[in-house]
Every structure is written in structure tokens, then in C-alpha cells.
Amino acid sequence: MIRAKSIALAGERSGERRAAAPPSRPEKFCPHSIFMLHIRSRVLPRYLIPILMLTLTIFGTSRLGRSLQSPESVDTDYILARSTETNEADWQKAPDYDYFECDHYQGDGSKSFAELMILGSRYERLVAIDGKPLSHDEERWEQQRLDATVLRRRNESALERSRRLEQYEKTRKRDHSLIGQISRAFHFEYLGEQSLEGRDVYVLRATPRPDYRPPNLETEVLKGMEGELWVDKESFNWVRVEAQVIHPVSIVSYLARVEPGTKFELEMSPVAGGMWLPSHFAMRARAKVLFFFRHESQQDESYYGYHPSPQY
């Protein structure tokens, strides 16, 4: 989750998972960097994906048919403030939960992972391929790798543990801090109310402010996106967000450019304790690397089975 991807989102993925192992997936950020969201990419700069995920968590562009009520004297600023406050609270509590993630690869099956919080930072364990449990040898390898990681973390020196936890928190806070730029980068318009997934929601549209000046590299991409956000009327949680890039945004330091046609979809669902966390994320990305070579990719991920992390 919501990685994310930004969630991520990234990252929260432990470097320990990159050791030689049975079937693994492409490099990716954990989905939980913003409200635990990151997304993986083979070609785009590694820092760029969680930034796009962050933008996704604030607004999106809808292709849904809608039946909106008239926007009668609704305070858009109040809705934004309450939803931001609610998601901030969930972001703070999310590291206390483990969950499962299923990644669907275009024309290449799927892989499922247990996302575990072990002694203060994330760890990823492969649990299924194409919906089928691992073989005996694969399962044994994954268990040995998990046991070795737990033992290693328990025996860390104070300095090693401090560095590991510092990197984990640095990644989460880096992506999450970008939320502060949203109110400066976009103009929000209240469109009305509708029913979505059986819930009454507010619908807000975000368009980029022409006079916005990004303060750093991480916020450059905000200049090129627009969209809508669906906010649950009762809890002020985000129910659904979609986003698209409307004009190219160059990331000069990384010699890359995000192109129109890049689209995102995110769905959020309530979990234990009244929290809302990501349940589904899909992305179609278009970019130019070195400002010349075109690259397109698609990703589809589901998050489920949230439960309190056990104590190691």
C-alpha cells in the first residue's frame, strides 16, 4: 500500500531481499511511503516513482460516470484539511501493520509477497507465484532467509541498527513531506457529491497553478498533473484517486521526462481500527530516458490481509 509503491514506496524494501534467491520480482519501492505507498520501475529514475505516487494520493482524473449533487456552499478547504489530517494519522500508524501484496505482471503471471515489519523496518517474503504456493525448496529458502534476517537484526550493533532505522524513516518522511506542497501546487474545486463503492463521497478536482514554482527536484512533477479526488463524507478518508500527466515534465538532473499518457489509479479501503490503507494500485507509465529513448510500462498491484505486526 498504498509503496506504495509511495505509498514505496521507497524505500522500505530491505536490501537483504536482493541476495541470490528463488524467483523474484523486478526492483521496486514499497507501497507504503506516503501512506505506505511505493511502486517499482525498471527504467524510470528510482526516486521518481514515489513522487508520482505521492501526487496520486492527493488527486486524480476520473473517467467514471457520475451523478453529482449541486455543490451548495461546501467548504473545499475544510474537506482538504480534514482528509489530510485523517490520512496523516493513518500514515503514522501504518508501520504497525503487516500485509500481503500481489503484483500482476502483464502477460507474465503474478507474484505474492508478505510485507513484514521486523525490528523497525520492512522486510519482504515471497509467498506465492501465479496464485500457487511455493515449492518445498522455495519455501525452505524463504524461511531460511527470514530467519537469518531476524537473527542478523537482533544481533546488530547500536550503530548498525541506528543506520537501518534512520534510512527507513528518512525514506518515509522524504516522500511524505511532499504533501505540504500540494496546496501550493494546485487549485482545488468542489464538484459535488456522488455514491462510490457504496459510500457517499465528496468529489474534488485539482488543476495545476500556473504560477507554482517547485522548491526542489522532488516537486517538479507536480507541474504536469491534474485530476480528481473522492473523499468519504463520514470519515474524510480517500476512497479513490486517479491521476494523469497532462503535459511533459523534465527531470533534468536525471535526464528523464515524464510524458502525457502516464496514468494512475488507487483505491483505499478500511482496515482494522478504523484505518484506511491502499487496496489496489494500477499504473501506466510513459517516459523518455535521456530525453530520447521512449519507455512504457504497466503495473497492477493489490494489497490485502492487513494485521498487526508481531513482535520479534
Could you tell me which residue of region 141-172 is farthest from Ser121 (Cα to Cα), considering only residues that are out of contact with any His (no Cβ under 9 Å at 6 or more places or on another chain) and among the hydroxyl-bearing types (Ser, Thr, Tyr)? Ser157
Sole exception among (1) over 26 Å from Pro270 (Cα atoms); (2) touching a strand residue (DSSP E or B) at 6+ places or on another chain (Cβ under 7 Å); (3) surrounded by fewer than 17 Cβ atoms within 10 Å (Cβ to Cβ) for Phe186, by number: (3)
Mind listing whichever residues of region 198-218 are touching a helix residue (DSSP H, G or I) at 6+ places or on another chain (Cβ under 8 Å), farther than 22 Å from Thr86 by Cβ and either at pLDDT below 80 or not hydroxyl-bearing (Ser, Thr, Tyr) (or both)? Pro208, Arg209, Pro214, Pro215, Leu217, Glu218
If Arg163 meets every condition in (1) out of contact with any Ser or Thr (no Cβ under 6 Å at 6 or more places or on another chain); (2) of a type outside the set (Phe, Trp, Tyr); (3) modelled with pLDDT under 95 apart from one, which number is that one? (3)
Among residues belonging to region 143-156 that are of a type outside the set (Lys, Arg) and buried (at least 17 other Cβ atoms within 10 Å of the Cβ), point out the one that is nearest to Ser279 (Cα to Cα). Leu146
Of the residues that sit in region 68-92 and are surrounded by 17 or more Cβ atoms within 10 Å (Cβ to Cβ) and over 16 Å from Met268 (Cα atoms), which one is modelled with the lowest pLDDT? Leu80
Is there a residue being at pLDDT below 80 and part of a loop (DSSP other than H, G, I, E, B) anywhere in region 267-285? no
Please go through region 262-304 and give me each residue that is surrounded by 13 or more Cβ atoms within 10 Å (Cβ to Cβ) and among the small types (Gly, Ala, Ser), ordered by number. Ser269, Ser279, Ala282, Ala285, Ala287, Ser297, Ser302
Residue satisfying condition, being under 28 Å from Asp75 (Cβ atoms) and at pLDDT below 90, within set Ser183, Ser253, Ser235, Ser195: Ser183
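The values are calculated or read from the model by the stated rules, or taken from the named source; none is laboratory data. Just so we're clear, the structure is a prediction, and the values are computed from it rather than from any experiment. Neighbour counts are summed over all protein chains in view; Cβ atoms, including those assigned to glycine, are modelled from backbone coordinates with ideal geometry.
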